[in-house]
Amino acid sequence: MCERDQLAFWTNLLNLDGFQVVHEQLTAADEPRHFTVIPKTPVGICPHCGQLSEDIHRRTESALVHDLPLGERAVALTVRTYQYWCAACDRAFTPPPPFLVPGGHATERFLEQARQLIGFGDIANAAAFLKVSESSLGRWYYDYLERRRQPPITPPVQPIRQLGIDELSLKKSTGSSSPC
């Protein structure tokens with residue numbers, strides 16, 4: 001298997017929304033398997049004006065991020081993100097990875113698995129199973145629970161700007177809808 005096929009295999013296996021594996025660091029059997037991931041498409045939508053931007057202003061790498069283990073082996077990710085420059089509004093922006101909380105040290109699915117394990121046991125056993133320190137897992141777990149308790153941020157309701165026509169009912173000749 002060539003390196004490109006192997007990286008595609010890890011990309012499919014990890015299934016990180018919108019990201020692909022570009023590097024696998026071979027480590028000893030008792031150390032975490034380490035992957036570097038980048039966005040699949042190097043474009044971003046400006047949150048300020050809604051314009052598409054391909055102008056990469058800066059590249060950044062995260063600290064190691066814990067992900068779900070593969071078998072008995074822990075997984076560590078380095079997440080590369082791009083900061084884009086929007087020419088339309090003359091501002092920089094960085095789209096957040098969908099699987100990672102800003103400033104987080106673990107993926108959302110890792111934290112959900114930890115929550116389930118802690119529900120069946122305790123933090124010490126979950127930390128031993130997930131191969132992370134008990135104090136870190138405890139801090140991440142309580143932060144995760146607090147985020148889940150907060151109501152989701154919903155965009156403000158906008159006025160209707162355009163009405164559409166139901167083409168299917170126009171094509172029907174049943175007379176169930178009257179033309180305007």
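The values are calculated or read from the model by the stated rules, or taken from the named source; none is laboratory data. Here the structure is a predicted model, which means the values were calculated and not measured. Virtual Cβ from ideal backbone geometry, glycine too; neighbours counted across all protein chains shown. Note: areas computed on protein heavy atoms with side chains; ligands, DNA, RNA excluded. Shrake-Rupley method; radii C 1.70, N 1.55, O 1.52, S 1.80 Å.
Would you tally the residues in segment 8-26 being assigned to a helix (DSSP H, G or I) and open to solvent by less than 30 Å² (accessible area, probe 1.4 Å)? Spell out the reasoning first.
First, the residues of segment 8-26 that are assigned to a helix (DSSP H, G or I): 8-14.
Imposing the further condition that a residue be open to solvent by less than 30 Å² (accessible area, probe 1.4 Å) reduces the set to 10-11, 14.
Number satisfying all stated conditions: 3.
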**Asked** What number of residues within segment 117-144 satisfy the criterion of being open to solvent by less than 40 Å² (accessible area, probe 1.4 Å) and under 19 Å from the mean Cα position of the chain (by Cα)?
**Response** 3
**Request:** Go through (1) at pLDDT 90 or above; (2) open to solvent by 50 Å² or more (accessible area, probe 1.4 Å) one by one and return the number of the condition Phe35 breaks.
**Result:** (2)
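Filter segment 1-31 down to the residues that are β-branched (Val, Ile, Thr) and either touching a residue at least 60 places away in the same chain (Cβ under 8 Å) or in contact with a helix residue (DSSP H, G or I) (Cβ under 7 Å, 6 or more places away or on another chain) (or both) and list them by number. Before the answer, list the steps.
Quick first cut of segment 1-31, residues β-branched (Val, Ile, Thr) only: 11, 21-22, 27.
Val21, Val22 - these are the residues of segment 1-31 that are β-branched (Val, Ile, Thr) and either touching a residue at least 60 places away in the same chain (Cβ under 8 Å) or in contact with a helix residue (DSSP H, G or I) (Cβ under 7 Å, 6 or more places away or on another chain) (or both).
Looking only at segment 70-107, which residues are touching a residue at least 24 places away in the same chain (Cβ under 8 Å), within 16 Å of Tyr142 (Cβ to Cβ) and open to solvent by 10 Å² or more (accessible area, probe 1.4 Å)? Give the derivation first.
The first filter runs over segment 70-107 and keeps only residues touching a residue at least 24 places away in the same chain (Cβ under 8 Å), leaving 70, 73-89, 91-95, 97-101, 104-107.
Cutting the leftovers down to within 16 Å of Tyr142 (Cβ to Cβ) gives us 101, 104-106.
If the condition is that a residue be touching a residue at least 24 places away in the same chain (Cβ under 8 Å), within 16 Å of Tyr142 (Cβ to Cβ) and open to solvent by 10 Å² or more (accessible area, probe 1.4 Å), then Val101, Gly104, His105 are the ones that fit.
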**Asked** Residues of segment 116-131 being touching a helix residue (DSSP H, G or I) at 6+ places or on another chain (Cβ under 8 Å) and touching a residue at least 40 places away in the same chain (Cβ under 8 Å), which ones?
**Response** Leu130
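Suppose we filter segment 40-69 for residues that are assigned to a strand (DSSP E or B), surrounded by 13 or more Cβ atoms within 10 Å (Cβ to Cβ) and polar (S, T, N, Q); how many remain? It would help to see each step written out before you state the result.
Just the residues of segment 40-69 that are assigned to a strand (DSSP E or B), to begin with: 44-45, 52-53, 56-61, 65-69.
Still in the running and surrounded by 13 or more Cβ atoms within 10 Å (Cβ to Cβ): 44-45, 53, 56-57, 65-69.
Those left that are additionally polar (S, T, N, Q): 53.
Total satisfying the criteria: 1.
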**Message:** Please pick out the residue among Gln158, Gln113, Gln150 that is open to solvent by 100 Å² or more (accessible area, probe 1.4 Å), at pLDDT 75 or above and among the polar types (S, T, N, Q).
**Reply:** Gln150
